[in-house]
1. Tell me, please, whether a residue that is open to solvent by 30 Å² or more (accessible area, probe 1.4 Å) and aromatic (Phe, Trp, Tyr) can be found in region 406-422.
2. Can you pull out the residues in region 47-60 that are in contact with an Asp or Glu (Cβ under 6 Å, 6 or more places away or on another chain) and open to solvent by less than 50 Å² (accessible area, probe 1.4 Å)?
3. In this structure, does ALA38 turn out to be part of a strand (DSSP E or B) and over 20 Å from GLU292 (Cβ atoms)?
4. Quick one: how many residues across region 367-410 are under 30 Å from LEU236 (Cβ atoms) and of a type in the set (D, E, K, R)?
5. Out of the residues in region 192-221 that are in contact with a Lys or Arg (Cβ under 7 Å, 6 or more places away or on another chain) and open to solvent by 50 Å² or more (accessible area, probe 1.4 Å), state the one that is modelled with the lowest pLDDT.
6. Would you point out which residue out of VAL173, VAL182 is of a type in the set (Val, Ile, Thr), open to solvent by less than 30 Å² (accessible area, probe 1.4 Å) and more than 21 Å from ALA237 (Cα to Cα)?
7. Before we move on, is ILE44 touching a strand residue (DSSP E or B) at 6+ places or on another chain (Cβ under 8 Å) and open to solvent by less than 10 Å² (accessible area, probe 1.4 Å)?
8. Pick from ALA14, ALA31: which is part of a helix (DSSP H, G or I) and buried (at least 24 other Cβ atoms within 10 Å of the Cβ)?
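The values are calculated or read from the model by the stated rules, or taken from the named source; none is laboratory data. Bear in mind that the values here come from a model prediction, so they are computed numbers and not experimental data. Here the Cβ positions follow ideal geometry from the backbone for every residue, glycine too, while neighbour counts run over all protein chains shown. To get the accessible areas, we keep the full protein, side chains included, count just its heavy atoms, and leave off ligands, DNA and RNA. Shrake-Rupley method; radii C 1.70, N 1.55, O 1.52, S 1.80 Å.
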Amino acid sequence: MKVLVIGGGGREHAIVWALRRSPQVTEVICAPGNGGIAQLARCIPVDLGNLHEMIDIVAIEQPALTVVGPELPLSLGLVDELTKRGFRVFGPTQAAAQLETSKAFAKEFMQRHAIPTAAYALCTTLEEVREELPRFSVPVVVKASGLAAGKGVLICNTHLEAEQAAAQMFSGVLLGTPETEVVLEEFLTGEELSFFTLCDGTHAVEIASAQDHKRVGEGDTGPNTGGMGAYSTDGLATPAMREWLRRNIAQKVVDGMRSEGNPFKGVLFSGIMMTPHGPIVLEFNARFGDPETEAILLRLETDIVDLFNASIDGTANHLTIRMRPGASVCVIATSSGYPGKYVSGKPIAGLSPVDSHSEDVVVFHSGTAIKDGQMLTAGGRVLAISAVAPDLQTALNIAYAELAKISFEGMQFRRDIGHRALHQEQA
């Protein structure tokens, strides 16, 4: 079968890599792809913000399956339009994707369906922010309601700082485009957990758990990013806790969306804070997370095509999702200046040929391009060095050893991915 993947980041590279391993797949196409994906799939240029361009590519290529990776095409209704035209497509509809595309919708949805979430206030003006802030102790979290590429969450230590952050969101100074709604939220403490489930509109089936590292600096310092690395281990949550999360969060989401007439199909990423008072939802993503996917898919033993088909066909409850025991990790190498301004077009040295990678380490490309035969940086997050091993320390050793071979001007990365789990193991 021919499969088309929409997107061009590290997540999509990992999905393409997994598809290439499936005996059911004869050809993989990616739009737009990147320099690394081009070594595994035929890449077609496309503007991910242009719905008609994406529809035209599917109409021309006639794939047996289309997989939508990023949130922007979901927010534009690509799944709806392709389904209308009779194409098989993996991902949620525009209405179902509101769980991610509108934090305001997600908060009100959780309240309607008794899903645990932090205390919050929805504000559409700066005056409302000023009125609501006294209700919150500090630090207080200020969130852009719309899509913000992982950069729309600020933890503010004073009410004045929170007011200024909201003002910058409303004005467009902070994220480039003005926000119409801002969420004020109670600050929670605890361990974060990314919980991934496969959903088919009726059922939610566990895939895996992971932990992301959002801050740019070591020791979890500096501004939030789209993610500087992640790890996935058997021990992130007990089997009993994972089943609680599946039943009391993911399945409640699926039941609630179905009852409201917007069945959720695809991958549901539940961002959880494991607080002293129990698990509380921080956010939802309506697709595979990035960079968690680059770690998780290295552990996936079930054919990924079977996951996609079960979601589309409503048979996820009949699917057994097998994960390789042990641990997997992903370390992100970024351009200098990320998550702020950065310069692209830097030559990358030391990349191993794609076919030379073992089953235990893969370098996924997040933001690269090929020009005149040379691999160049083409984004803030550039590479995702991923490894799998029987234990976390070994997986980290493999990933950092591979990263040590690679260089480009201004390359930066965190050297402490997985530090919380390692400290717990050593305690």
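1. So far as region 406-422 goes, yes, one or more of its residues are open to solvent by 30 Å² or more (accessible area, probe 1.4 Å) and aromatic (Phe, Trp, Tyr).
2. We begin by selecting, within region 47-60, every residue in contact with an Asp or Glu (Cβ under 6 Å, 6 or more places away or on another chain); these are 47, 53, 55.
The one that is in contact with an Asp or Glu (Cβ under 6 Å, 6 or more places away or on another chain) and open to solvent by less than 50 Å² (accessible area, probe 1.4 Å): ILE55.
3. no
4. Qualifying residue count, region 367-410: 4.
5. THR221
6. Sole residue among the options that is of a type in the set (Val, Ile, Thr), open to solvent by less than 30 Å² (accessible area, probe 1.4 Å) and more than 21 Å from ALA237 (Cα to Cα): VAL182.
7. Details: touching a strand residue (DSSP E or B) at 6+ places or on another chain (Cβ under 8 Å): yes; open to solvent by less than 10 Å² (accessible area, probe 1.4 Å): no.
No.
8. Answer to the selection: ALA14.
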